[in-house]
1. Among the aspartates and glutamates, which fall within straight-line cross-link reach of residue 213, defined as a Cα-Cα distance under 12 Å, with same-chain neighbours fewer than 8 residues apart omitted?
2. Only Lys, Arg, Asp and Glu count, each charged at its Cβ (+1, +1, -1, -1), so figure out the dipole size of segment 257-341 about its Cα centre, rounded to 20 debye.
3. Just how large is the dipole of the chain about the Cα centre, in debye to the nearest 20, putting +1 at every Lys and Arg Cβ and -1 at every Asp and Glu Cβ?
4. Per-residue counts of other Cβ atoms within 10 Å, averaged by peptide: what ranking do you get for 14-23, 156-165, 189-198, highest first?
5. What FRET efficiency comes out for the pair residue 226/residue 425, r = Cβ-Cβ distance, R0 = 56 Å, nearest 0.05?
6. Mind checking which lysines have their Cα closer than 18 Å to the Cα of residue 289? Skip sequence neighbours fewer than 8 apart in that chain.
7. Which Cys residues of the chain have no other Cys Cβ less than 4.7 Å away and so no disulfide-compatible partner by this rule?
8. Taking a ≥ b ≥ c as the square roots of the eigenvalues of the Cα gyration tensor of segment 269-335, is the shape rounded (a/c under 1.5), prolate (a/b larger than b/c) or oblate?
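Nothing in this text is a laboratory measurement; each read-out follows from the coordinates by a stated rule. Nothing here was measured: the structure is a model prediction, and the numbers come from that model. Positions of Cβ are backbone-derived with ideal geometry, glycine not excepted, and every protein chain shown enters the neighbour counts.
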Amino acid sequence: MKKSEIKEIIFLISIFITAFFLRTYKIDNPVADWHSWRQADTAAVARNFATEDFNIFYPRSQIEDLDNPNRYFLNEFPLYNAVVALFYQSFGVQEKLARLVSVFVSSLTVVFLYLLAKQYSSKLIAFLSALFYAVLPYNIYYGRVIMPDPTFIFFSVLSLYLITLWLNKEKRSLALVSGFSLALAMLTKPYAIFLGIPIAYLVFKKWGIKSFKKLDVYLLALIGLIPLGLWRYHINLHPEGMFGSKWLINSTNIRFKGAFFRWIIFDRLNRLILATGGFVLFFQGLVSKRDNKEGLFYLTWLLSAAAYISYFAMGNVTHDYYQMPIVPVACIFMAKGFDVLWQKAKDGFSTLFNRGIAISLVLIMLAFGWYEVRGFFNINRWEIVEAGQAVDQLTPQESKIIAPYDWDPAFLYQTNRNGWPVLRNKDELQEYILRGATYYVSVDFNDQTNTLKNACSVLKETEKFIIIDLQECDFAKIK
């Protein structure tokens, strides 16, 4: 093995360990930090796989619904949830294990981003791309969440790398493996279909119009698309388990309005994700000269991310984690921008000045980025965790719980019970009781809670929460 290869292996191991270590920050957090509602949904499916029926084709939520009596949670294929459930079955239900799965795949993405960028750019740009992806504060947080998105990003980057190898070596086995990886990406998140833009570019760059005569191209497409098609067909047979997602596309007609660009470019890319310093490097890389090996690959990859963001306009404006697909290619453009500043100076002073600017921009990115995301790790309401633990200890396992928390299922998740995350009125309460609700738990001593407290038996009350037994209520006192 050559000395350069040994150094490269050492670097890859080092960057993986660095990324992994950074993402273990507050790894023991309960499911009550930023975007707890989405994490709770994902975590509940994994927990139910481990403790109820492990049927990957019928994932189950914790939320009871008259129209969905089986509690089906049919959206993306539950690959991530199933992997987490396997660990739960071996080591017990611990949210830390679910986070570690995301930490692992996110750290592995760093390695494959390096390998991918090295195919089209210099080793320095590949190194910087991986480094930026490893240390970007936004990425650190979203690289340890209980969500399928880190897994989706991993398979997306892996697919592009494998497709690159296939095009270079023209081996059918690589086409098949690439298709399998692409299928997993699209099953994990159907948004991966937008990767068709850079993939089509790479294929046509290689063979041009002759691409239509290549069997491997069709194999890649079929292997990648058929599993997604079958999954979509399957879940459409159970519409009661699906939830409305049309609003993600262009609710309020925000697409391409001033507010859309302000949210996506200024607030998300500039402020939150690339944190000003990285955004400057990104723009510098975007306008820098392209070499022949790179061609339009990075631009078409960026275009695919832009197309995805534009199509799911309202979803991307509403949720900051929706921009995760743009981060890998953004890190490559940041690396290119850094490389321009580092390499292109012509004399001693300009070299010192340019390199000082490059380093300063990276430091700004890290400082501003951490400032923006540090609050994401906080548990703002520890009382939902304490109340949930009390419910788990004091109520029978088969109990059904009402845990109002502004529709956020994170509170209900903490109880380790099925039930409802909202209660709007007396009629709804009676309906829930008819469907098996036995306890009400609240961390807000509002009018609703006080009314139930006066009308029903209290199982436990502290300064932080109250658990009410709905099996012993005087409904005449409830308005």
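1. none
2. 160 debye
3. That gives the chain a dipole magnitude of about 2740 debye.
4. 156-165, 189-198, 14-23
5. 0.75
6. Result set, ordered by chain and number: 118, 123, 336, 344, 346.
7. Cysteines of the chain left without a disulfide-compatible partner: 331.
8. oblate
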